[in-house]
Amino acid sequence: MRKQTLGEFIIENQKQFRYAEGELSRLVNAIRLAAKVVNHKVNKAGITDIIGESGDLNIQGEEQKKLDVFANETFIKTLSNREIICGIASEEEEDFISVESKTGQYQNKYVVLIDPLDGSSNIDVNVSVGTIFSIYKRLTPSGTPVKLEDFLQKGRNQVAAGYIVYGTSTMLVYSTGNGVNGFTLNPAIGTFYLSHPNISLPKEGNIYSINEGNYNHFSDGIKRYIKYCQKREGNRPHTSRYIGSLVSDFHRNMIKGGVYLYPKTQKNENGKLRLLYECNPIAFLAEQAGGKASDGKQRILDINPTQLHQRVPFFCGSKDMVETIERFMEGS
Ligand code: AHM
Ligand code: MG
């Protein structure tokens, strides 16, 4: 059967669904374009001088890799130059950026939050990395510059979210609130094709993904859950798989069934992952595919953000597995 291209899919869905004015379609199109540019660079990482440190620190004090900087600039420029957004916030930038339209009137209605290159410690060793994006309608009135509150929205307000995984093949996976669809890039002609329509996250899974090197710093509940995963009983022991690249770990678990965990540790009392750039968009996709995402106590998408770079503990994937983790964490 002939596969639909992402371009065709966007046009068809623009007619059917809620983005009638075409702004969201143009936004997804711009993300598609930036994804291809970054993909090209990521693929060449081993043969150019692009791998390695850029010499700068990002706002969280982490070394920025050259490709992080390239992906950050590519997404910001591609989205800002097209009259489609009124603001953008990036994991790599200290503050949000207000985007003025050419008429100077701030008429566009969407803000984007982005992790331009997630899992970047994997670049130098030829392991998959990803881009994560999240789209909201602004809350403040059109015609004025955006404010912090436009970005500090609960995840449940997301209009769309998705990721690009630069893996053995490059995929763009996204949702506009009508299920999750995955598109695979044919690099020979630069076209994404609908390869994974209506992805469904298995209710139960058999994979757990956690950095077990932190074991001694986990709470008792998480330690007990890991032992439970390893116990021989029923469909256990579960398989342990951890790439250290959220997009890739989540993508595998969404297709095969499994759970991703980044709990608090003694060092990081809120875990490592950022609510706005990583957890909310992945949680939106998980729920759209029939899975679940929690901070151990409450639904990720219900958390009221207070800071742009806020971190939260994150448990996400097959619904039954996330619920089991919540039970293990009760009181710990
Ligand atoms: P980054 O945005 O700086 O790349 O950090 C996020 C990444 C996730 O992709 C990954 O799941 C996690 O950090 C791995 O962290 P750790 O090395 O502590 O296990
Ligand atoms: Mg990240």
(request) Would you mind telling me the antiparallel percentage of the DSSP bridges in the chain, rounded to 5? (result) 80
(request) Mind checking the per residue accessible area of the chain for me, 1.4 Å probe, whole number of Å²? (result) 44
(request) Return the sequence-ordered ³J(HN,Hα) values of the range 232-246 in whole Hz as given by the Karplus equation 6.51 cos²θ - 1.76 cosθ + 1.60 applied to θ = phi - 60°, using x for Gly and Pro. (result) 8, 5, x, 8, 9, x, 6, 8, 9, 9, 9, 8, x, 9, 3
(request) Could you pull the accessible area for K66 with a 1.4 Å probe, rounded to 10 Å²? (result) 70
(message) For a quick check: with amide H placed at 1.01 Å from N, whose amide H comes under 5 Å from I114's, ignoring anything fewer than 5 positions away on the same chain?
(response) A89, S90, E91
(request) Rounding to the nearest 20 debye, state how big the charge dipole of the range 276-332 is about its Cα centre with +1 on each Lys and Arg Cβ and -1 on each Asp and Glu Cβ. (result) 60
(request) Report, ordered by chain and residue number, the aspartates and glutamates lying within cross-link reach of K109, taken as a straight Cα distance under 13 Å and ignoring same-chain residues fewer than 8 apart. (result) E21, E23, E83, E100, D150
(message) So if I take the alpha carbon set of the range 225-288, get Rg, then get Rh from the Kirkwood formula, what is the Rg over Rh ratio?
(response) 1.00
(request) Measure off, as a whole percent, the carbon and sulfur share of the 1.4 Å-probe accessible area of the chain, all protein chains present. (result) 46
(message) Binning at 10 angstrom from zero up to the longest distance, how are the C-alpha pair distances of the range 200-332 distributed in percent?
(response) 13, 49, 34, 4, 0
(request) Beyond 22 Å between alpha-carbons counts as too far, so tell me which of K256/K292; K36/K292; K36/K154; K223/K264; K41/K66 fall in that bin. (result) K36/K292; K36/K154
(request) For n ≥ 4 DSSP H runs only, could you compute -39500 (n - 2.57) per run for the chain, divide by its residues and tell me the 222 nm figure to the nearest 500? (result) -8500 deg cm²/dmol
(message) Going Cα to Cα from K319, which aspartates and glutamates come in below 15 Å? Please leave out same-chain ones fewer than 8 positions away.
(response) E204, E287, D295
(request) Specify the inter-centroid distance of the range 183-239 and the range 80-136, based on alpha-carbon positions, in whole Å. (result) 27
(request) Could you please put F151, F70 in sequence from largest to smallest accessible area, using a 1.4 Å probe? (result) F70, F151
(request) Could you tell me which of rounded, prolate or oblate describes the chain, using a ≥ b ≥ c as the square roots of the eigenvalues of the alpha-carbon gyration tensor, with rounded for a/c under 1.5 and, failing that, prolate when a/b is larger than b/c and oblate otherwise? (result) rounded
(request) Mind putting a number on the dipole of the chain about its Cα centre? Charges go on the C-beta only, +1 for Lys and Arg and -1 for Asp and Glu, and I need it in Debye to the nearest 20. (result) 1080
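The values are calculated or read from the model by the stated rules, or taken from the named source; none is laboratory data. Quick caveat, the model's predicted, so the values are computed rather than measured. Backbone-built Cβ (ideal geometry, glycine too); neighbour counts: all protein chains shown. Just so you know, the surface numbers come from the protein's heavy atoms only, side chains and all, with ligands and any DNA or RNA stripped out. Shrake-Rupley method; radii C 1.70, N 1.55, O 1.52, S 1.80 Å.
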